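In what follows, a single structure is set out as structure tokens and then discussed.
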Amino acid sequence: MEIAIRSTVHQTGATALTELLRFQPPDADHRTVPCACGHVAKYEGMRSRPVLTVVGWAQIDRPYYLCSECHCGQFPADVQLDIQKTDFSPGVRRMLAAVGSEAPFAQGRAQIKLLADLEVTTKAVERTAEFIGEDIEARQQQDIRRAKQLKLPIFIGPPIPYFYVQMDGTQVFVVKSETENRAGRSPGQPARTRECKLGAVFTQTGVDDQGRPVRDENSTTYVGAIETAEEFGLRIYTEACHRGWDRASIRVVMGDGSHWIWNIADQHFPGAIQIVDLYHAREHLWELARLLFPADPSAQKRWLKSKLNWLDNGKIERLVAALRKSANSTSNPELAKTIRIEAEYFEGNRNRMRYPEFRQKNLFVGSGVIEAGCKTVIGSRLKHSGMFWTVHGANAIIALRCCCMSGKFEPYWEERAS
Ligand SMILES: [Zn+2]
């Protein structure tokens with residue numbers, strides 16, 4: 001019965017909307033509008049078409065204008081209502097974008113049918129979600145250009161005691177044409193993936209009663225894209241500016257050991273405290289232990305005990321010396337090489353691993369925010385098995401998801417409507 005009632009309510013609503021969408025023909029004084037070509041477009045008559053709204057199909061009837069110079073037609077009412085060149089109302093597009101950002105498009109189509117009783121095609125969910133993602137990205141690029149020209153406004157707000165920028169990379173499977181002439185991650189293998197760079201910004205106001213740092217709830221915002229480090233650097237810098245980088249007292253950049261992260265930190269966030277996320281650093285040791293003692297968990301643990309201890313206590317020089325020693329003592333040249341690479345990783349990042357110092361300053365030494373972000377923002381939507389993306393399509397959905405998960409989806413629609 002409730003489903004039948006919903007259907008009736010929808011029909012009544014659609015009839016009411018059709019009435020509201022019946023525009024009057026312009027009076028004699030308003031029969032022309034300016035045309036983009038510089039001439040004027042003349043009123044040609046009323047034109048009607050269907051529009052899918054949140055209560056089903058309605059009809060819009062509005063004036064049509066035609067330019068006799070360039071033969072361009074226009075519907076000012078469509079622009080005003082934000083339904084230019086689309087069959088879907090803003091309310092429906094918001095729903096399609098929301099489900100398209102959350103789940104595979106076919107699943108989104110089924111959700112729209114179940115939850116809103118609207119029939120749309122899978123392609124419509126895909127196109128709409130991508131289109132909204134592209135629009136979000138275009139607005140972000142405008143902002144990034146402003147930041148690049150140092151023309152961003154000053155973002156006013158209360159002072160921020162602790163401000164964190166975290167960055168990481170995660171691989172997304174792409175269609176073959178997106179990896180042409182790119183080397184794979186394993187030597188001799190063709191590339192199957194492209195790296196999505198993800199950044200998270202969050203703040204901390206204080207510490208708990210045990211002196212541990214506490215992240216401000218809901219303070220995390222994300223930006224990301226498959227793009228070069230140079231492009232991404234400007235993107236994360238712009239986001240940090242918006243979030244109040246300028247009024248932060250203690251500024252921290254965190255990441256794993258990837259060179260691009262620290263290049264961005266040096267270029268865009270000079271003077272910030274640089275910290276290698278402790279969890280990432282620990283993972284390096286765990287992986288090495290697995291290589292050294294395959295299928296022998298107790299030997300792995302024995303080997304790890306002192307190494308993890310040194311790492312946690314910032315005694316990186318000791319750790320590096322121990323690693324070099326094991327590299328020299330192994331008879332396997334491949335393994336020795338791997339260990340030396342790891343030794344270099346710790347040596348090169350040693351000043352970013354002074355964890356006791358960082359703890360003393362009440363800072364996070366590993367937050368898991370960006371790791372969780374890679375999983376929730378990117379992995380859970382873009383890394384289903386059998387999913388292959390175009391870079392353009394992936395970037396649209398990444399922009400959309402970052403927007404949704406940063407609490408910016410509703411503000412985006414408000415901005416569109418204004
Ligand atoms: Zn014209």
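Mind checking whether some residue in segment 73-84 is within 16 Å of the ligand (Cβ to nearest atom) and open to solvent by 70 Å² or more (accessible area, probe 1.4 Å)?
yes
Filter segment 13-44 down to the residues that are surrounded by fewer than 12 Cβ atoms within 10 Å (Cβ to Cβ) and closer than 30 Å to ALA124 by Cα, then identify the one that is farthest from the ligand (Cβ to nearest atom).
Out of the qualifying residues, it is GLU19.
Out of (1) of a type outside the set (Lys, Arg); (2) part of a helix (DSSP H, G or I); (3) more than 14 Å from GLY255 (Cβ to Cβ); (4) open to solvent by less than 20 Å² (accessible area, probe 1.4 Å), what's the single condition that is false for LEU363?
So the condition that LEU363 fails would be (2).
With respect to ALA103, determine if the residue is touching a residue at least 60 places away in the same chain (Cβ under 8 Å), under 31 Å from the mean Cα position of the chain (by Cα) and away from the ligand (no atom under 16 Å from the Cβ).
Yes; evaluated as a whole, the condition is true for this residue.
For segment 138-176, enumerate the residues that are assigned to a helix (DSSP H, G or I) and open to solvent by less than 80 Å² (accessible area, probe 1.4 Å).
ALA138, ARG139, GLN140, GLN141, ASP143, ILE144, ALA147
Give the residues of segment 272-320 that are in a helix (DSSP H, G or I), without any contact (Cβ under 8 Å) to a residue 12 or more places away in the chain, open to solvent by 30 Å² or more (accessible area, probe 1.4 Å) and of a type outside the set (Lys, Arg), sorted by residue number.
Once the filter is applied, which keeps residues that are in a helix (DSSP H, G or I), without any contact (Cβ under 8 Å) to a residue 12 or more places away in the chain, open to solvent by 30 Å² or more (accessible area, probe 1.4 Å) and of a type outside the set (Lys, Arg), segment 272-320 yields GLU283, GLU287, PRO297, SER298, ASN309.
Under 7 Å by Cβ, and 6 or more places apart or on different chains, what pairs join a residue from segment 205-220 that is open to solvent by 70 Å² or more (accessible area, probe 1.4 Å) with one that is not in a strand (DSSP E or B) and not polar (S, T, N, Q)?
Note: pairs meeting the criteria are THR205/ASP216; ASN218/GLY407.
This table checks each residue for (1) modelled with pLDDT of 95 or more; (2) farther than 23 Å from LEU152 by Cβ.
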| position | (1), (2) |
| --- | --- |
| ALA240 | yes, no |
| TRP245 | no, no |
| ASP256 | no, yes |
| ALA295 | no, yes |
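Would you confirm whether or not segment 199-210 contains a residue that is over 16 Å from PHE364 (Cα atoms), modelled with pLDDT of 90 or more, touching a helix residue (DSSP H, G or I) at 6+ places or on another chain (Cβ under 6 Å) and not aromatic (Phe, Trp, Tyr)?
Yes - at least one qualifying residue is present in segment 199-210.
So which pairs qualify, if the first residue must be in segment 47-71 and away from the ligand (no atom under 16 Å from the Cβ), the second must be acidic (Asp, Glu) and not in a strand (DSSP E or B), the Cβ gap must be under 6 Å, and the two must be at least 6 apart or on different chains?
LEU52/ASP87
So PHE269 fits all but one of (1) more than 16 Å from THR203 (Cα to Cα); (2) open to solvent by less than 40 Å² (accessible area, probe 1.4 Å); what number is the exception?
Result: PHE269 passes all but (1).
The values are calculated or read from the model by the stated rules, or taken from the named source; none is laboratory data. Note that the coordinates shown come from a computational prediction; the quantities given were computed from them, not determined experimentally. Quick reminder, even Gly has a Cβ in these numbers, built from the backbone with ideal geometry, and neighbours come from all protein chains shown. Heavy atoms of the whole protein, side chains included, go into the accessibility calculation; ligands, DNA and RNA do not. Shrake-Rupley method; radii C 1.70, N 1.55, O 1.52, S 1.80 Å.
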